[in-house]
Amino acid sequence: MNAATRRDFRMLWLGETVSAVGTGITGVALPLIAVVRLHAGPLTVGVLIAASWLPWLLIGLPAGAWVDRLARRPLMLLCDLASFVLFASVPVAAALGVLTTAHLLIVALLAGCATVFFRTAYQVYLPSLVPAEDLLAANTRLIGSESAAQVAGPGVGGLVAQLFGAVGGVFVDALTYLVSAVCLYSIRTPEPQPVHTLEPESLRRQIADGMRFVRRDPFLLSLTVAGAASNIALTGIQAVQVIFLVRVVGLTQGSVGGIIAVISLGGVMGALAARRISLRFGTARGFLLSELVGMPFALLLPFGGPGVRLGIYAVGAAVVGAGVVAGNVIKGSFRQAYCPPELLGRITSCMQFVNLGAIPVGALAGGLLGAAIGARNTLWVMALLLVCTSWLLLIGPMRRTRDFPAQPVSAAGGQVVETFASPAAASTARSSVPAWIDPAPYRLRCLTSSRCATRDRVKLTAT
C-alpha cells in the first residue's frame, strides 16, 4: 500500500469509526428522549427502535444490487449529509419546543434508509481503495474499530446524556455524520467507473444471485439464520431496557447513561479479544465459543434492581455484549474475505436483509410484551430466547470444523477454491459442498506452511 492509498484508507477508517460512535450514541439518546422527555411507554419505544431498522426489510435487497452498479463514494457522501440534516433537526425541534414522537419516528425511519445504502456501499467500496494483498489487514482494522466504536458509542452516549441530556447526544451524533462526510470527501483515490445501466430484470436477477449464494452456502446460511434469531431476542431486550432502568430500577436519566457506559466496556473487551480467541481456538470454534458462553449471561438481566442487584444486571449485559461483539468481529472478517468480490454487495445486503430485518420484529415484540406483561417479565422471555437461539449454530457445519474456510467452493477446473487450517476442516467442508456443485472433481492436497508450525494447511483443489 503506497503513501497516498494509506492516507485515503486512514480517512475512510476515521470517518466510519467516528460515525459508528455516533450511531451508538443515538441508540441510547433516542429512547431516553422518548421515555424521559415525551413520556413514552414500552410499545412506543419498541416502535421507535423498529422504525430505524425497518428499511432493511423494505429496501435491503435492492440496495445491494444498486450499490454493485453505482459509484460508492458519492452515494456514501449523500447518505452522511442526509443523516446529518435529519439528526440535527431533533435538537432544533427540542429547542423550539415542537419535538414530538412522530418527529422521532420520521427521523429514525429516514435515517435508517440512509444507513442501508451507506453500510452496504461501505463494505464493497474498500476493494476499490485498497490493493488486494492488503485487503485482509484493512478489513481487520475496519471491522475491529467499527465494532469497538459501536459498543463504545452507547457508553459515550450515556456519558453525554448524563452531562448534557439525551437531546445533546443526538446533536453529537449529527456532528459525527458531518465528520464522516468530510473524511470521505478528502479521499483522492479515483473509484472505477461503474456501469450505469440497470434494467428491472437485471436488478431482479442480481438480487436472486446474492440470495442463491447465501442459501446454498452452508456457512453463510447458518450464520444468517442464527443471527436473525438472536437479533430478535437482543432487540427485544433493548426495547425495554430504558423502561426497566428508569421505571423499575428507579434510575435517573444521568444514571441510566452511566450504567450503559459501564455495560459498554464489555463490548469493547469483546472486540479486543476477538483476534486472540480466533488464534487460540480457531475462527469457527472461537465464534461458537463467543456465542455459547456469552449468551447465557442474559439470564442475569431480570434479576436487576436497586443497589447490588444493579451490578448483577450490569455484569450480565456486559458479558452478553462481549460475546456478541467478539462474534461479530470474527463473522465480519470471515464474510468479507470469503465472498467473491463481484457478489459482495449482494451477499452482504441479503444477509443483512435477514439479520437486520429481524430487528424491527424483535423491537415490536419487546414493546408489545413490555406493555402486556411488564419489563422484567419481558427480560425473562427474551433472555431465554437468546440462550436458545445461540444453540442454532450447532446445527450448521461450524461444530465440525476448527476454522472457517477461506474461499467458497468453485467448480472452475484447476483453481484453488478453498483453504482450511486442518485436514478435519477440509473433510468437513467437502461433506458440506452445496448440492449444486459436484464434489467428484475435487481432491485434497496437504501443504506445509511456515505460519502453521503445529498443523498442516489443507487446500481443496480441482483436478
Worksheet item: With respect to the numbered conditions (1) surrounded by fewer than 20 Cβ atoms within 10 Å (Cβ to Cβ); (2) modelled with pLDDT under 90; (3) polar (S, T, N, Q); (4) in contact with a Leu (Cβ under 9 Å, 6 or more places away or on another chain), which one is the sole condition not fulfilled by residue 377?
Response: (2)
Worksheet item: Under 7 Å by Cβ, and 6 or more places apart or on different chains, what pairs join a residue from the range 196-219 that is modelled with pLDDT of 75 or more with one that is aromatic (Phe, Trp, Tyr) and open to solvent by 90 Å² or more (accessible area, probe 1.4 Å)?
Response: 216/436
Practice prompt. Could you please give the count of residues in the range 214-268 that are closer than 26 Å to residue 408 by Cα and outside any helix (DSSP H, G or I)?
Written response: 1
Discussion item. Kindly evaluate residue 343 against the criterion of being aliphatic (A, V, I, L, M), assigned to a helix (DSSP H, G or I) and under 30 Å from residue 124 (Cβ atoms).
Written reply: yes
Practice prompt. Could you look through the range 229-246, keep only residues that are of a type in the set (A, V, I, L, M, F, W, C), modelled with pLDDT of 90 or more and open to solvent by 10 Å² or more (accessible area, probe 1.4 Å), and pick out the one that is farthest from residue 312 (Cα to Cα)?
Written response: 229
Practice prompt. Six or more apart or on different chains, Cβ under 6 Å: which pairs go from a residue in the range 71-98 that's outside any helix (DSSP H, G or I) to one that's not acidic (Asp, Glu)? Could you list them?
Written response: 71/194
Discussion item. With the structure loaded, tell me whether residue 140 is over 22 Å from residue 70 (Cβ atoms), modelled with pLDDT of 70 or more and in a helix (DSSP H, G or I) or whether it fails that test.
Written reply: no
Worksheet item: Can we say residue 167 is in a helix (DSSP H, G or I) and modelled with pLDDT under 70?
Response: no
Worksheet item: In the range 168-180, which residues are touching a helix residue (DSSP H, G or I) at 6+ places or on another chain (Cβ under 6 Å), surrounded by fewer than 24 Cβ atoms within 10 Å (Cβ to Cβ) and closer than 21 Å to residue 115 by Cβ?
Response: 171, 172, 174, 178, 179
Item to complete: State all residues of the range 51-68 that are in a helix (DSSP H, G or I), farther than 12 Å from residue 207 by Cα and open to solvent by 10 Å² or more (accessible area, probe 1.4 Å); if no residue qualifies, say none.
Response: 51, 52, 53, 57, 58
Discussion item. I'd like the residue in the range 269-328 that is assigned to a loop (DSSP other than H, G, I, E, B) and among the small types (Gly, Ala, Ser) and, out of all such residues, is nearest to residue 394 (Cα to Cα).
Written reply: 282
Response to the item:
Over the range 81-107, the set of residues crowded, with 23+ Cβ neighbours inside 10 Å and aliphatic (A, V, I, L, M) is 90, 104, 107
Worksheet item: Does any residue of the range 276-290 turn out to be under 18 Å from the mean Cα position of the chain (by Cα), basic (Lys, Arg), at negative phi and modelled with pLDDT under 90?
Response: no
Practice prompt. Collect the residues in the range 255-293 that are crowded, with 22+ Cβ neighbours inside 10 Å and without any contact (Cβ under 8 Å) to a residue 60 or more places away in the chain, keeping them in residue-number order.
Written response: 278, 286, 290
Practice prompt. Identify all residues within the range 310-342 that are open to solvent by less than 30 Å² (accessible area, probe 1.4 Å), more than 16 Å from the chain's Cα centre (by Cα) and not small (Gly, Ala, Ser); write none if there are none.
Written response: 313, 338, 339, 340
Practice prompt. May I ask you to verify whether residue 25 is in contact with a Gly (Cβ under 8 Å, 6 or more places away or on another chain), surrounded by 20 or more Cβ atoms within 10 Å (Cβ to Cβ) and either in a loop (DSSP other than H, G, I, E, B) or β-branched (Val, Ile, Thr) (or both)?
Written response: yes
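The values are calculated or read from the model by the stated rules, or taken from the named source; none is laboratory data. In this text, all values refer to a predicted model and were calculated from it rather than measured experimentally. We place every Cβ from the backbone using ideal geometry, glycine too, and count neighbours over all the protein chains shown. Surface accessibility is based on the protein's heavy atoms, side chains included, excluding ligands, DNA and RNA. Shrake-Rupley method; radii C 1.70, N 1.55, O 1.52, S 1.80 Å.
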